[in-house]
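Novice: Below you will find the structure I want to go over with you.
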Amino acid sequence: MRHARIILDGRELDIDISADDRITTTEGEVLEVALDSDALTWLPPVKAPGTIFALGLNYADHATELAFEAPKEPLIFIKHANTLTGHKQPSYRPDNIEFQHYECELVAVIGKTGKNIRREDALEYVAGYTVCNDFAIRDYLENYYRPNLRVKSRDSLLPMGPWIVDAADLPNVNDLRLTTAVNGKITQDGSTRDMIFDVPFLIEYLSNIMTLNPGDMIATGTPHGVVDLQPGDRVICTIEDVCALETEIVSEQAYYGEKY
Amino acid sequence: MNEKTLVTSKLVCVALNDRAQLAALESSFNEAPYHKPPTQPVLYYKPRNTWSLNGAEIEWAKAFDGNDVPAMVVGASLGVVIGKETCRVSQQDALDYVGGYTVVADYSLPEQSYYRPDIKGKCLDGSAPVGPEIVAADKITNPDALSVTLSVNGEQKSRFALSGMQRGVAELISTLSYIMTLQPGEIIAVGFAGDRVAVGKGDRVDAAIDGIGILSNTLGGA
């Protein structure tokens, strides 16, 4: 089963999506609408977002691309809900920068509270999986708590969804094709099998430090193949058997409107 | 998750905002891995599992091998509580968006490097007590004129006049609001004395700001 949050006809709804793409609200109302309908506004799929952990340099080839040795310990940074947006929603490119890139990532959504979780038990704590695009503004990198908040904590720059796939329906997330297409052309093509620190490792590691809670998320990093994006570009991040997340890049002025 | 907290949705802290500390570290910040001193506020989050209250016991952290860590430290800061949605505001207008002020303490492992986000050192459960209460913004004329003191077992260990901050409260609110839209109840810990204070098991720590209050916590593990 897949789970999402949408707005339809002005109503904010939590929905379940069956294997044959039928949509039912969690109250049991059947919605006669197609998954690709423009009538649907997709919200970020985690209803009560907690702490968002994101991985840097977690694919050996991407670490090489950024001129780093593969890390011996995970590089983890934190994001908050202000960064989240949904499928088919705009993300913005800040004014006067040279390089903004996407990062297509598998996200593990935590489903129950745990501390000191052993690796072999870790998947019991995962409710499901989704896809995010953890955009980065490389111009803003500084060598203090890198990647710093100015790079990674901006409004709208963590689109996620469109849905969460139950963990039970994805017995092996360690061998899924991961691709990103910009304006229809594939620019990133990797596999989750090349992850350095996998989901069970990361759950064990983080829960050795702190309590994990339902609604926390772990964005597991991105492989090789990042390119610059401009307003008007359409980016689709796809992970096999999970979902395809579409984002349109807009200018800072277009995004903030009268607050610009 | 700790439901007992004065924080709503976000606690963002400003590191390296003590002008004297920045001056002392300048030569090392010109070397690897930093290469140059920071040009922007150096920010980190205390995530929701860290949020705690006045009077709470602070857990003595354990290392990955299950043994108690050898050392912990504490810093204290003025906490600026956002009063209304704050998106892209000027420094001149920034204080109009403050709902109140409080005290934030940050218990952590001693910090060896500022190069990478310090998840291991700063995300310990219950390590960010906030309180004792939120004082309304109109009670504080000039937040940059306040001083933060830290006492351990009744003995003052640190005093930080916020006039010594590299960036003041209004500038920080403005800069942050161009990175992220801030929501009511979110808190910014605007600056800590450069030297964090060593604490031991069972110690009682008082973080105090005149006109705002005393945030008192005791270390566990004794």
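Novice: Report the FRET efficiency, 1/(1 + (r/R0)^6), for A:Gln230 and B:Thr39, where r is their Cβ-Cβ distance and R0 is 25 Å, rounded to 0.05.
Specialist: Using R0 = 25 Å, I get an efficiency of 0.45.
Novice: I need the calculated FRET efficiency for the pair B:Ala23 and B:Glu59, taking r as the beta carbon distance and R₀ as 35 Å, to the nearest 0.05. Let's see the in-between values first.
Specialist: Details: r = 35 Å, r/R0 = 0.99.
Between B:Ala23 and B:Glu59 the formula returns 0.50.
Novice: Can you compute the FRET efficiency between A:Ala168 and B:Ser113 using 1/(1 + (r/R0)^6), with r the Cβ-Cβ distance and R0 = 41 Å? Round to the nearest 0.05. Could the numbers behind the result be given before it?
Specialist: Values: r = 41 Å, r/R0 = 1.00.
The formula returns an efficiency of 0.50 here.
Novice: Would you list which aspartates and glutamates come within 16 Å of B:Lys10, measuring only between C-alpha atoms, while excluding same-chain residues fewer than 8 positions from it?
Specialist: Within the straight-line cut-off, B:Lys10 pairs with A:Asp155, A:Asp216, B:Glu85, B:Asp106, B:Asp125, B:Glu186.
Novice: With springs only between Cα atoms under 10 Å apart, run a GNM on chain A and tell me which of A:Val131, A:Val199, A:Val30 wobbles the most.
Specialist: Ranking A:Val131, A:Val199, A:Val30 by mean-square fluctuation puts A:Val30 first.
Novice: Over 22 Å between C-alpha atoms is what I'm after, so list which of A:Lys47/A:Lys88; A:Lys185/A:Lys259; A:Lys47/A:Lys72; A:Lys88/A:Lys112; B:Lys4/B:Lys122 land there.
Specialist: A:Lys185/A:Lys259; A:Lys47/A:Lys72; A:Lys88/A:Lys112
Novice: Could you estimate the translational diffusion coefficient of the range A:1-43 from the Stokes-Einstein equation, with Rh from the Kirkwood formula over C-alpha pairs, at 20 °C and 1.002 mPa s, in whole µm²/s?
Specialist: 210 µm²/s
Novice: Name the residue farthest towards the positive end of the dipole of the protein assembly as shown from the options A:Thr24, A:Asn82, B:Ala136, assuming +1 on Cβ of Lys and Arg, -1 on Cβ of Asp and Glu, about the Cα centre.
Specialist: B:Ala136
Novice: How much net charge surrounds A:Glu32 when only the other residues with a Cβ under 13 Å from the Cβ of A:Glu32 are counted, with Lys and Arg +1 and Asp and Glu -1?
Specialist: Here the count lands on -2.
Novice: Here is a follow-up. If you take the Cα Rg of the range A:134-260 and divide it by 2.2 N^0.38 Å, with N the number of residues, what do you get?
Specialist: Expressed relative to 2.2 N^0.38 Å, the Cα Rg reads 1.17.
Novice: Kindly write out, for the range B:116-129 in residue order, the coupling ³J(HN,Hα) from the Karplus curve 6.51 cos²θ - 1.76 cosθ + 1.60 (θ = phi - 60°), rounded to whole Hz, with x marking Gly and Pro.
Specialist: Once θ is set to phi - 60°, the couplings for the range B:116-129 become 10, x, 9, 5, 4, x, 10, 9, 5, 3, x, 8, 10, x Hz.
Novice: Let me ask something else about it. Hey, what's the per residue convex hull volume over the C-alpha atoms of the range B:87-128, in cubic angstrom? Working shown, then result.
Specialist: Numbers: hull volume 6.3 nm³, N = 42.
Convex hull volume per residue, Cα atoms: 150 Å³.
Novice: Something else: Identify all aspartates and glutamates with a Cα-Cα distance to B:Lys201 below 12 Å; exclude those on the same chain that are fewer than 8 residues away in sequence.
Specialist: In chain and number order, the partners are B:Glu57, B:Glu59, B:Asp68.
Novice: Along its three principal axes, how long is the range A:76-137 when you only count alpha carbons? Whole Å, largest extent first please.
Specialist: 46, 24, 19
Novice: Taking each residue in B:86-93, count the Cβ atoms of any other chain within 10 Å of its Cβ, then average. What number comes out?
Specialist: Averaged over the peptide's residues, the number is 1.
Novice: List the residues of the range A:86-119 whose backbone N lies under 16 Å from a point placed 7 Å from the Cα of A:Tyr260 along the Cα-to-Cβ direction.
Specialist: From the range A:86-119, the list is A:90-97.
Novice: Jot down the per residue volume, in cubic angstrom and as a whole number, of the convex hull over the alpha-carbon atoms of the protein assembly as shown. It would help to have the intermediate numbers written out before the result.
Specialist: Working: hull volume 70.7 nm³, N = 482.
Residue-normalised Cα hull volume stands at 147 Å³.
Novice: While we're on this one: Where the centre of each part is set by its Cα atoms, how far does the range A:82-127 sit from the range B:65-97, in angstrom?
Specialist: So the two Cα centres are separated by 23 Å.
Novice: Additional query: Give the range of the longest stretch in chain B that excludes all chymotrypsin sites (Phe, Trp or Tyr not before Pro) found in loop regions by DSSP and having at most 15 other beta-carbon atoms within 10 Å.
Specialist: In short, B:116-222.
Novice: As a check on your grasp of the helix formula, calculate [θ] at 222 nm for the protein assembly as shown: sum -39500 (n - 2.57) over DSSP H runs of n ≥ 4, divide by the residue count, round to the nearest 500.
Specialist: Taken over the protein assembly as shown, the calculation gives -3000 deg cm²/dmol.
Novice: Averaged across orientations, what area in nm² does the convex hull of the alpha carbons in the range A:44-259 project? Spell out each step's value before the answer.
Specialist: Working: hull surface 44.6 nm².
For the range A:44-259, the mean projected area of the Cα convex hull comes to 11.2 nm².
Novice: Still on this structure, I have one more. For a quick size check, give me the Cα extents of chain B along its three principal axes, largest first, whole Å.
Specialist: 49, 41, 32
Novice: Give the separation of the Cα centroids, the range B:37-58 to the range A:191-251, in Å.
Specialist: If we compute the Cα centre of each part, the gap is 25 Å.
Novice: From the P(r) of the range B:9-81, can you give the percent of Cα pairs sitting at distances over 17 Å?
Specialist: Distances greater than 17 Å cover 63 percent of the Cα pairs.
Novice: From the square roots a ≥ b ≥ c of the eigenvalues of the alpha-carbon gyration tensor of the range A:11-164, which class results: rounded (a/c under 1.5), prolate (a/b over b/c), or oblate? Before the final figure, lay out each step's value.
Specialist: Working: a/c = 2.32, a/b = 1.42, b/c = 1.64.
Oblate is the answer for the range A:11-164, as a/c is 1.5 or above yet b/c matches or exceeds a/b.
Novice: For A:Arg119, what charge total do you get from the other residues with a beta carbon under 11 Å from its beta carbon, if Lys and Arg give +1 and Asp and Glu give -1? Can you show the working numbers first?
Specialist: On the way: positive: A:Arg118; negative: A:Glu120, A:Asp121, A:Asp198, A:Glu204.
Residues near A:Arg119 contribute -3 overall.
Novice: First select every other residue whose beta carbon is under 10 angstrom from the beta carbon of B:Ala170; then total the charges, Lys and Arg +1, Asp and Glu -1.
Specialist: Net of charged neighbours comes to -3.
Just so you know, all these numbers are worked out from the coordinates, no wet-lab data involved. Note that the structure is predicted; figures quoted are calculated from it, not measured. Cβ: placed from backbone, ideal geometry, glycine included. Neighbour counts: every protein chain shown.
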